[in-house]
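To start, the structure itself, in structure tokens.
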Amino acid sequence: MSNKKERKKEKEIIENEENAAEPIEISIEDQLRQELAQEKEKFLRFFAEFENYKKRTSRERIELFSTANKELMSVLLPVLDDFERGLNEMRKTKEEEVLQGMELISNKLKNALLQKGLNIMDVDTGDVFDVEKHEAITQIAAPSEDLKGKIIDVLEQGYKLGDKIIRYPKVVIGQ
């Protein structure tokens, strides 16, 4: 009988081990699923951070180029003004060939700057003065009632680089 009892005990032990192994396997599967979910979450966070990094560096690069262009254009604006003043004086003379050559150079320079995003701000006599778009140098008595608070003269042209004003037009306004 002791053999039967031993066999019965062995059989019970084996059954208990098998029964005990199943819950362990289920918990291992659950644990693996949980670890997989955590790794997926880490991956998604890392991927999102990388996408944000790419966008940020792209914006910074664009800002760097626009800043570099802005500085260059700001340096060239006084030269452009002087060139225009020189052309105006040459128009008073009778030297047509020299004037044509200088106008050709002026047009090429303006077109090159236009291709790089520099635009002249349109400001005319009689336009309404806007603090956001113009810089008032002085006020004079308005020659007529309808010119009060409006631009009477443009002393220096204003320029935009893209949509951003890099130099405000300097104007005289009527009082």
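Data overview
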read-out: Condition met for K148 (modelled with pLDDT under 90, on the phi < 0 side of the Ramachandran plot, surrounded by 10 or more Cβ atoms within 10 Å (Cβ to Cβ) and over 30 Å from the mean Cα position of the chain (by Cα)); value: yes
read-out: Single match in T93, T57 (criterion: modelled with pLDDT under 90 and of a type in the set (V, I, T)); value: T93
read-out: Residue in the stretch 93-104 that is over 29 Å from E71 (Cα atoms), assigned to a loop (DSSP other than H, G, I, E, B) and β-branched (V, I, T) present; value: yes
read-out: Q115 being exposed (fewer than 10 other Cβ atoms within 10 Å of the Cβ) and not hydroxyl-bearing (S, T, Y); value: yes
read-out: Residue, nearest to P169 (Cα to Cα), within the stretch 136-145, restricted to residues that are outside any loop (DSSP other than H, G, I, E, B) and touching a Gly at 6+ places or on another chain (Cβ under 8 Å); value: Q139
read-out: From the options L36, L44, L76, L32, residue that is within 30 Å of I165 (Cβ to Cβ), part of a helix (DSSP H, G or I) and at pLDDT 80 or above; value: L76
read-out: Residue, surrounded by the most Cβ atoms within 10 Å (Cβ to Cβ), within the stretch 56-84, restricted to residues that are within 24 Å of I105 (Cα to Cα) and of a type in the set (D, E, K, R); value: K70
read-out: Hits in the stretch 151-170 (condition: closer than 21 Å to M73 by Cα and over 25 Å from the mean Cα position of the chain (by Cα)); value: V154, L155, E156, Q157, K170
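The values are calculated or read from the model by the stated rules, or taken from the named source; none is laboratory data. For clarity, every value in this text was computed on a predicted model and none was experimentally measured. Reconstructed Cβ throughout: ideal geometry from the backbone, glycine too, with neighbour counts over all protein chains shown.
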